[in-house]
Amino acid sequence: MIQEDRSSAKFLPMPTPSTELHSYGLTEYIRDLEALHDRCAAMPVKVREVSTLTHRLAGSRGWLQPQFRQPNKDSYARYLLHRDRLNRFVVLSLVWLPGQATPIHDHSCWGVMGMVAGELTVVNYDRLDDGSRPGYAELQEADTEVARPGVVSHVLPPYRELHWIGNRGSEVAISLHIYGRDLDEVNVYDLVTHRVSRMRIKYYNLDWGNPDFVI
Ligand SMILES: [Fe+2]
């Protein structure tokens, strides 16, 4: 079981955001992610190194094409940018209008988030019960982060993976996400009823219109 020092887990120390133009793009990012996965299996190390790469890409300019920066008025938009050929990771851009937010959810995998534009609020939760009762969970708010360009955050089960993310600002926010699996299903948590429910989620595509399930 992975033990994590939460005191140092909120934000990884990062250098000043870069303003590189076209020097580092999605192709180079995926190349570096593949190389990292080829040589590294230790989860905390992998997350730390993915965070460094994510910080570099999120701080670069001109790499995210306009069609992957478009909001969806009905829900935040999730664009699949890349799926690893060995299914070791996926890369997404998410676009959030003011007021759009996720429910509280888990991931069942590691994940890293960097900000391309705007700000997001991330509220992290601890689970208080032992998980033995199906469909039931007791959560407690742990801490709140403000994600902005230059900041990279992560989730890493089993102790840091429950959160709520929302755009509480007045500008469109764009985030870059990488997950250790194809994130097409998550558990959603209700703080009041303690109910845990499975929810399927889909990627958004401007050509598809509104999919049935987008969270
Ligand atoms: Fe999440």
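A short reminder: the numbers here are calculations on the coordinates, not readings from a lab. Bear in mind the structure is a predicted one, so any value in this text is a computation, not a measurement. No Cβ is skipped: glycine too gets one built from the backbone with ideal geometry, and neighbour counts run over all protein chains shown.
Here are the numbers for the structure shown:
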{"quantity": "In nm, spacing of pseudo-spin labels at ARG198 and ARG148 (7 Å Cα→C-beta vector)", "calculated": "4.1 nm"}
{"quantity": "C-alpha center-to-center spacing [the range 69-116, the range 123-151] in angstrom", "calculated": "18 Å"}
{"quantity": "Fraction of the pair-distance distribution of the range 67-203 above 23 Å, Cα-Cα pairs, percent", "calculated": "32 percent"}
{"quantity": "Calculated FRET value between VAL45 and SER108, using beta carbons and R₀ = 35 Å, to 0.05", "calculated": "0.95"}
{"quantity": "Cleavage-rule hits, trypsin sites (Lys or Arg not before Pro), the range 61-101, DSSP coil, Cβ neighbours within 10 Å at most 15", "calculated": "ARG69, LYS73, ARG85, ARG88"}
{"quantity": "Sorted by Cβ density within 10 Å, fewest first, the residues CYS40, CYS109", "calculated": "CYS40, CYS109"}
{"quantity": "Extension gain, HIS82 back to ALA117 (0.36 nm per residue minus Cα-Cα distance, nm)", "calculated": "10.6 nm"}
